[in-house]
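Just below is one structure, and these are the notes that go with it.
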Amino acid sequence: MPDSQPRRPDDNAPDSADAATPAGPPAPALVLGGARLVDGRAVDVRLSGSRIEAVGTAGSLTARGPRVDLRGYLLLPAPAEAHAHSDVALTADSAGPDSPGPASHRTEDIQRRATEAALLQLGHGATALRAHVRVGDVRGLAPLEAVLQTRRALRGLTDVLPVAVPRLLTGIAGADSLAMLRDAVKMGAAVVGGCPDLDPDPTGYTEAVLEIAAEHGCPVDLHTDGDDPARLARLASMAAGLRPGVVLGPCAGLAHLPLDAATRAADRLAAAEITVVCLPQGGCAGSERRTTAPVRLLRSAGVRVAAGGGALRDTANPVGRGDPLEAAYLLASQAGLRAEQAYDLVSTAARGALGLPDVRVEAGFPAELLAVRGERLAAALSLGYSRVVVHRGRIVARTSAVREYCDSDTDAAAGSGGLPRQGRPDPGPGPRN
């Protein structure tokens, strides 16, 4: 008997801010068989279109189309990348004395790197990502155009949501960037962002961003270290109640404030209904700190907290991986969160920060799923290498990792021994196929 009764998929409901763009023919019906849920149940999950049609006990659901065996896998709501820098991703090799030279900023080269980065993040499981993109200065809108081309090229594989990030917005120097920010929204930037801390007038910068966001009905996503309580209080006051919402990150400076000051700041952020996106894997181009925001303090104050990856092998973090499961692992191992809480910050909370609908492994919810080899979530966060990624009802990425060990006898040392596959016992003496 199915645990969740079948529902007619509502494929007209938007699954992302980019859902108005045609996505091609609907995905065929697909059954994910024998997967395990976080609560320990082994289930079949039938997908139809871009939705979960039914969830039942393992072996109970028939397939009208392909069936994928997910025995040995944990099935989870797919994570989302809440804070990426796609326009500068994969540029770390351009810095340093042995580099071949500065990274190219031609539109086609930025697009190539942004596409490769988005596919890397998709392979880790992120079926949506918010890409902060610098606009203005000498590069103008070329980086944004490149990321918009990446969004179009990857339509149906992953949802790329660009954030327009101007450097200056006040005074004479900021006048051109202010006009360019408006142009960026008209071009298709899904979110208005920026770095108030880098402007000579942080308050004026924030006012300009909020005004443009209100004009166009766009969300706001601002970079700040959060190490100035007075500045953070003004920002929270200005942003309070703005719809469709305000996100701040990475706010690592909050961890360096005295406890009473950090607690007051957290209370103000909660009252303003501001979401904080922390970066457990390191900083990004808009942040000077490498620490993580005080996640437990923020959550205890009622602040909505999500986690992102930040820099992906750029000069801000040459070894950035952009892996949501690694971010969750770090939150569990260093910030003291339970595995379920840590994963929520890169999945449900991250999707909420991006304005995307909630995902549960239940009938009627979007078919945005990640299967990770493992029986329990803690083990998956520790060693979750093999992954199957589902976006809009179809498998869009698969990573298979196999660990092998040689036999311990002398023949193996000489190179004649076999290497049994991980999880497959050695059949012992006798002929092998």
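The values are calculated or read from the model by the stated rules, or taken from the named source; none is laboratory data. No experiment lies behind these values; they were computed from the predicted model shown. Note that we place each Cβ from the backbone using ideal geometry, even for glycine, and neighbour counts take in every protein chain shown. Calculation scope for accessible area: heavy atoms of the full protein, side chains included, ligands and nucleic acids excluded. Shrake-Rupley method; radii C 1.70, N 1.55, O 1.52, S 1.80 Å.
What would the Debye formula give as log10 I(q)/I(0) at q = 0.09 Å⁻¹ for the alpha-carbon point model of segment 185-312, no solvent?
-0.22
Provide the per residue accessible area, probe 1.4 Å, for the chain, rounded to a whole number of square angstrom.
44 Å²
Which value at 222 nm does the chain reach when only helices count, each DSSP H run of 4 or more adding -39,500 (n - 2.57), with the total divided by all residues and rounded to the nearest 500 deg cm²/dmol?
-9000 deg cm²/dmol
Counting C-alpha atoms alone, how compact is the chain: give Rg to one decimal and Dmax as a whole number, in angstrom.
Over the chain's Cα set, Rg and Dmax evaluate to 23.0, 82 Å.
Points 7 angstrom from Cα along the Cβ direction at V38 and T315: gap in nanometres?
3.9 nm
Could you check the simple spin-label distance between R243 and R71, using points 7 Å along Cα→Cβ, in nm with one decimal?
5.0 nm
Report the Cα centroid-to-centroid distance between segment 136-192 and segment 53-78 in angstrom, as an integer.
Answer, in whole Å: 40.
What are the equivalent ellipsoid semi-axes of segment 42-141, built from the alpha-carbon gyration tensor (square roots of five times its eigenvalues), in whole angstrom, biggest first?
They are 41, 15, 11 Å, listed from largest to smallest.
Expected output is a single nm value to one decimal: the length gained when fully extending between R360 and R155, i.e. 0.36 nm times separation in residues minus the C-alpha distance. What is it?
Working it through step by step, the gained length comes to 71.5 nm.
Which three lengths, in whole Å and largest first, does segment 54-97 cover when its Cα atoms are put on their principal axes?
Taking the Cα atoms of segment 54-97, the three principal extents are 60, 20, 20 Å.
Determine by what factor the alpha-carbon radius of gyration of segment 327-393 differs from 2.2 N^0.38 Å, reporting the quotient.
1.14
Please report, in cubic angstrom per residue, the volume enclosed by the convex hull of the alpha-carbon atoms of segment 86-156.
Here the figure is 91 Å³ per residue.
With loop defined by DSSP as not H, G, I, E or B, and exposure as at most 16 other Cβ atoms within 10 Å, which is the longest segment of the chain clear of exposed chymotrypsin sites (Phe, Trp or Tyr not before Pro)?
Result, exposed sites excluded: 1-384.
In square angstrom, rounded to the nearest 10, how much accessible surface does L242 have for a 1.4 Å probe?
L242 has an accessible surface of roughly 40 Å² with all protein chains in place.
Take the chain, connect every pair of alpha-carbon atoms lying under 10 Å apart with a spring to form a Gaussian network, then pick out the residue of H223, H391, H256 with the largest mean-square fluctuation.
Taking springs between Cα atoms under 10 Å, the residue moving most is H256.
Given an 8 Å cut-off on Cα distances and at least 6 residues of separation, report the relative contact order of the chain as a percent.
Reported as a whole number, the value is 18 percent.
Mind checking the log10 I(q)/I(0) for segment 59-204 at q = 0.09, 0.14, 0.15 Å⁻¹? Debye, one equal scatterer per Cα, no solvent, two decimals.
-0.37, -0.74, -0.82
Averaging sequence separations of C-alpha pairs under 8 Å and six or more residues apart, then dividing by the length of segment 31-160, give the relative contact order as a whole percent.
Contact order relative to length: 22 percent.
Most fluctuating residue of P162, P229, P200 in a GNM of the chain with Cα springs under 10 Å: which is it?
P200
Based on the Cβ-Cβ distance from E207 to M187, what FRET efficiency comes out when R0 is 25 Å, to the nearest 0.05?
After rounding, the FRET efficiency stands at 0.65.
Quote the FRET efficiency, to the nearest 0.05, computed for V138 versus A233 with a Förster distance R0 of 25 Å and r equal to the Cβ-Cβ distance.
Working from the Cβ atoms, E equals 0.10.
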